[in-house]
1. Inside region 63-85, can you point out the residues that are free of Cβ contacts under 8 Å to residues at least 24 places away in the same chain and of a type outside the set (Asp, Glu)?
2. From (1) surrounded by 12 or more Cβ atoms within 10 Å (Cβ to Cβ); (2) hydrophobic (A, V, I, L, M, F, W, C); (3) modelled with pLDDT under 85, pick out the condition that doesn't hold for Leu43.
Amino acid sequence: MCHIYAYEISHYLRTISEARKLLSELNHAAAKLNMSASTISRLAGQGGGLPACLEAGKRIWPETADKVRDVIADLMQARGAAWAS
């Protein structure tokens, strides 16, 4: 029983870490692209509330995170923005 509980906590912490990482990437891209993070999430089909959900520590499906990252990459490439710095 304790082993399962430890696994659940570990999984939850990894999920929260992934959400914070995505939020950081979203905010960084928004600054580079001179757009709001909510606009980028809206373009990814996730609605403008995604950044607020991530800030609140809500979990995100891996497929959703991948979709948002794909949109960020497409926008960066289309605008010729450099990801670094």
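The values are calculated or read from the model by the stated rules, or taken from the named source; none is laboratory data. The model shown is predicted, which means the values in this text are computed figures rather than measured ones. Glycine gets a Cβ as well: all are built from the backbone with ideal geometry, and neighbour counts include every protein chain shown.
1. Kept after step one, since they are free of Cβ contacts under 8 Å to residues at least 24 places away in the same chain, are these residues of region 63-85: 63-64, 66-67, 73-74, 77-78, 80, 84-85.
Answer for region 63-85, where residues must be free of Cβ contacts under 8 Å to residues at least 24 places away in the same chain and of a type outside the set (Asp, Glu): Thr64, Lys67, Ala73, Gln77, Ala78, Gly80, Ala84, Ser85.
2. The one condition Leu43 does not meet is (3).
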